[in-house]
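See structure below.
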Amino acid sequence: MENIYNKTFNELNEYFKQLGEKTYRTRQVFDWLYIKRIKDFQEMTNLKKEIIEKLKTDFFIDDIEIIKKESDVLVNKYLLKLKDANTIEAVLMQHDYGNSLCISSEVGCNMACSFCESGRIKKIRNVSSGEMVLQILKIEKDLNIRISHVVIMGIGEPFDNYQNICKFIETVNSPFGINLGSRHITVSTCGIVPKIYEFSNFPYQVNLAISLHAPNDTLRSKLMPINKAYNLKSLIEAVKKYIEKTNRRVTFEYIMLDKVNDTEECAIELANLLKGLNAYVNLIPYNETNNIGYKRSSKERILKFYDCLKKHNISVTIRKEFGSKISAACGQLKTIKEAS
Ligand code: SAH
């Protein structure tokens, strides 16, 4: 039995075709699942009884459970329990341009970035595409809102779960379902180079963000082990090809770690690294966590870094902060191992 939310529109079409059914059935099912949002096949009243019975033998309609919710000004953090009792987190942020949901793509994470809380528990499993969709459905229902933007920046490395994030994007972008604009979806990766090449052929116009965090290999390898597998040269080359192919501007995320990567030399090195790329840098004030020794750069140092990049003609913004009081900010999300 499969979770029906894991089926993309095309896959479900294929399913109905093989049953010798008309493919408008797919539209009907998508309508029940994503517009009317029913939770029981029995309620799909415009389907023939035999089809309902067949669906019931092949699929189940999955759900996830909210086990904890913490709220702060304009932000809600959710601890969510999956069917197999694994937990993940999702964070809803209310921006002036809409509601943005940060979703998790894996239970735990193997990337082991030294500054990030999410990697402290190794990857237990992939989050399925259906479970990613459910994070949206569940939180829209809980807050009675529509989510207009999704960032795949919660727990996990999306390119370490490549197929499922592609299926997720395909599903939520479907005009017969949630109909979330692809330009309103952002995938953030620590830099798994082969997947960046692969993603440049992915036929949806989503946003790509790269967690860069250092302007040279020595420092980056210290902060992010993935850099030992794919160094900066190969990463920048892949991003260049991605931009050429997709014509889309790429974001480089750069967390500001006090006296680690926030010096003027680092800013100049970064400017040189990114010169000529259709990209911009998003400076992220580091969210300190209890267990990790790094400190957040002072406002002054962040602004100095910002000015230096500007002076070198690099487009740069400073990320608006959300949810640090409730540990809902970047790098503070973690899978919880429940005592059993
Ligand atoms: N694995 C993906 C997505 C998850 S992290 C990636 O690496 O991009 C989302 C962003 O938050 C990344 O840029 C990550 O490096 C950053 N981040 C991690 N820990 C942080 C912290 N404590 N404070 C601020 N940003 C952090």
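Taking the criterion of being open to solvent by less than 60 Å² (accessible area, probe 1.4 Å), within 10 Å of the ligand (Cβ to nearest atom) and in contact with a Phe, Trp or Tyr (Cβ under 7 Å, 6 or more places away or on another chain), the residues of segment 283-296 that qualify are Ile284, Tyr286, Ile292, Tyr294. Only one entry of Gly119, Gly108 meets the criterion of being more than 27 Å from Ile178 (Cβ to Cβ), within 16 Å of the ligand (Cβ to nearest atom) and either surrounded by fewer than 22 Cβ atoms within 10 Å (Cβ to Cβ) or in the same structural domain as Leu180 (by TED's automatic domain parsing) (or both), and that entry is Gly119. Checking each residue of segment 321-333 against the condition of being more than 12 Å from the ligand (Cβ to nearest atom), modelled with pLDDT under 95 and in contact with a strand residue (DSSP E or B) (Cβ under 9 Å, 6 or more places away or on another chain) gives at least one match.
Each residue in segment 250-276 was checked for being open to solvent by 30 Å² or more (accessible area, probe 1.4 Å) and away from the ligand (no atom under 13 Å from the Cβ), and 10 pass.
Answer yes or no: is there a residue in segment 91-105 that is outside the structural domain of Lys138 (by TED's automatic domain parsing), open to solvent by 10 Å² or more (accessible area, probe 1.4 Å), farther than 23 Å from Lys167 by Cβ and touching a residue at least 12 places away in the same chain (Cβ under 8 Å). No, that holds for no residue.
Only one entry of Asn46, Asn13 meets the criterion of being free of Cβ contacts under 8 Å to residues at least 40 places away in the same chain, open to solvent by 40 Å² or more (accessible area, probe 1.4 Å) and either outside the structural domain of Ile139 (by TED's automatic domain parsing) or not in a loop (DSSP other than H, G, I, E, B) (or both), and that entry is Asn46.
Considering only segment 27-37, I want to know if a residue exists there that is closer than 13 Å to Phe59 by Cα and modelled with pLDDT of 95 or more. For segment 27-37, residues closer than 13 Å to Phe59 by Cα and modelled with pLDDT of 95 or more: present.
The values are calculated or read from the model by the stated rules, or taken from the named source; none is laboratory data. Keep in mind that this is a model prediction, so the values were computed, not measured. Backbone-built Cβ (ideal geometry, glycine too); neighbour counts: all protein chains shown. Please note that ligands, DNA and RNA were not included when accessible areas were found on the heavy atoms of the full protein model with its side chains. Shrake-Rupley method; radii C 1.70, N 1.55, O 1.52, S 1.80 Å.
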